[in-house]
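Trainee: The structure that follows is given in the form of structure tokens.
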Amino acid sequence: MNKKILSLKLDCLSKEDLINLLNYLSLEGYKNLSKADLIRKILESTANEESINKFIKEQYNLRNESIDIEKIKKEIKKVRNIKWGIVQGELDRKIQTELVRKTYSYNQLISRIKTNLYNEVKGYVIASWYNYWTTFIIENFIAKHEKVVPTLKPVKGIDLFWKDIPFDLKITYLPKNYWKSNLSTKDIRKEIIKWLYENQGAQRFGSENRLFIVLHNKNNPEKSWELKRDFDSIFMELDRYLKEEVIDEQEDLIIFKFRKKTYS
């Protein structure tokens with residue numbers, strides 16, 4: 001048992017989850033302890049990691065059992081195109097500068113909302129909805145995979161444990177500068193991962209272990225967004241990858257630079 005990894009798994013549980021886990025493991029009488037002490041008690045116990053993993057997966061399934069995945073898949077197919085329109089965070093600026101401060105007539109304001117704002121907001125909401133639920137369905141498949149232990153609460157840099165290694169899951173599209181590359185070679189894949197690390201936004205920066213799912217339609221790159229709902233193909237590839245891929249600390253090491261600092 002790797003106590004460091006097990007401690008990370010336990011840290012990805014809420015205090016309530018830890019108390020429920022103690023009951024699940026037939027370890028009682030610790031309700032008044034702090035979260036750190038609850039984790040210490042579990043680590044000091046004779047509980048095996050397999051039982052803890054089983055508890056986490058059962059809790060994950062219980063929390064998502066009310067979501068009808070198959071129904072959502074059908075609804076996602078109704079999306080005809082993706083057009084973000086407004087960039088995230090710019091809606092208020094657009095409303096203020098293009099509508100509020102430049103319109104004197106109420107009737108004209110209503111007219112401009114309908115003509116200037118509606119389509120952009122509609123496009124943004126549809127794109128956000130599509131992105132959220134396709135991501136959820138893919139993440140749900142991974143979380144339930146036999147080789148994976150999910151997290152039960154958000155922890156920066158950890159979405160799942162695969163082969164007892166913590167990973168941050170990222171689903172993205174192939175950067176334009178690699179559209180014509182030979183994607184079958186390991187070197188180019190490592191280069192793409194390096195690029196994705198180095199070109200992440202400063203506000204969401206992270207140097208954690210990351211599992212990248214990179215989507216690309218080589219015949220029509222602009223339609224790559226449609227691949228995100230091709231769940232059968234994605235799941236088949238993910239199942240093979242999660243079962244067969246071997247993690248090599250040297251072969252899979254990514255060294256990158258961000259704001260003049262080097263990370264690995």
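The values are calculated or read from the model by the stated rules, or taken from the named source; none is laboratory data. As the structure is a computational prediction, the values presented were derived from the model and not from experiment. Backbone-built Cβ (ideal geometry, glycine too); neighbour counts: all protein chains shown. Accessible surface is based on the protein model in full, side chains and every heavy atom, while ligands, DNA and RNA are left aside. Shrake-Rupley method; radii C 1.70, N 1.55, O 1.52, S 1.80 Å.
Trainee: Using the structure shown, decide if Lys170 is over 19 Å from Leu6 (Cα atoms) and in contact with a Lys or Arg (Cβ under 7 Å, 6 or more places away or on another chain).
Mentor: Considered against the rule, which asks whether it is over 19 Å from Leu6 (Cα atoms) and in contact with a Lys or Arg (Cβ under 7 Å, 6 or more places away or on another chain), Lys170 comes out as yes.
Trainee: Quick check on my filter: what residues within the stretch 134-144 are in contact with an Asp or Glu (Cβ under 9 Å, 6 or more places away or on another chain) and buried (at least 19 other Cβ atoms within 10 Å of the Cβ)?
Mentor: Answer for the stretch 134-144, where residues must be in contact with an Asp or Glu (Cβ under 9 Å, 6 or more places away or on another chain) and buried (at least 19 other Cβ atoms within 10 Å of the Cβ): Ile142, Ala143.
Trainee: Follow-up. Just checking, does the stretch 84-103 include any residue being in contact with a Phe, Trp or Tyr (Cβ under 6 Å, 6 or more places away or on another chain), in contact (Cβ under 8 Å) with a residue 60 or more places away in the chain and closer than 20 Å to Ser224 by Cα?
Mentor: no
Trainee: Hey, can you tell me all the residues within the stretch 232-255 that are over 18 Å from Phe136 (Cα atoms), free of Cβ contacts under 8 Å to residues at least 40 places away in the same chain and not in a loop (DSSP other than H, G, I, E, B)?
Mentor: Within the stretch 232-255, Arg240, Tyr241, Glu244 meet the criteria.
Trainee: Show the residue pairs meeting these rules: Cβ distance below 9 Å; 6+ apart or different chains; first residue within the stretch 104-131 and part of a helix (DSSP H, G or I); second residue among the acidic types (Asp, Glu).
Mentor: Within 9 Å, the pairs are Arg112/Glu98; Asn116/Glu98; Leu117/Glu98.
Trainee: Hey, which of the helices (runs of 4 or more DSSP H) in the stretch 3-89, taking only ones fully inside, have at least 3 residues that are open to solvent by 50 Å² or more (accessible area, probe 1.4 Å) and within 30 Å of Ser128 (Cβ to Cβ)?
Mentor: Fully inside the stretch 3-89 and qualifying: 49-64, 69-76.
Trainee: Output the residue which, of all residues in the stretch 182-222 that are part of a helix (DSSP H, G or I), within 24 Å of Arg259 (Cα to Cα) and in contact (Cβ under 8 Å) with a residue 40 or more places away in the chain, is most open to solvent (accessible area, probe 1.4 Å).
Mentor: Lys194
Trainee: Another question, if that's okay. Can you work out which of the residues in the stretch 251-264 that are hydrophobic (A, V, I, L, M, F, W, C) and surrounded by 11 or more Cβ atoms within 10 Å (Cβ to Cβ) is farthest from Tyr178 (Cα to Cα)?
Mentor: Among those residues, the one meeting the criterion is Phe258.
Trainee: Out of everything in the stretch 125-167 that is out of contact with any Lys or Arg (no Cβ under 9 Å at 6 or more places or on another chain) and hydroxyl-bearing (Ser, Thr, Tyr), what residue ends up being nearest to Asn64 (Cα to Cα)?
Mentor: So the residue we want is Tyr132.
Trainee: Another question about this same structure. How about the stretch 145-181: which of its residues are acidic (Asp, Glu) and either in a helix (DSSP H, G or I) or on the phi < 0 side of the Ramachandran plot (or both)?
Mentor: Glu146, Asp159, Asp168
Trainee: Condition test on Tyr30, is it aromatic (Phe, Trp, Tyr) and within 29 Å of the chain's Cα centre (by Cα)?
Mentor: Considered against the rule, which asks whether it is aromatic (Phe, Trp, Tyr) and within 29 Å of the chain's Cα centre (by Cα), Tyr30 comes out as no.
Trainee: I would also like to ask the following. Return the residues of the stretch 241-250 that are open to solvent by 90 Å² or more (accessible area, probe 1.4 Å) and more than 14 Å from Asn209 (Cβ to Cβ); say none if nothing qualifies.
Mentor: Selection gives Lys243, Glu244, Val246, Gln250.
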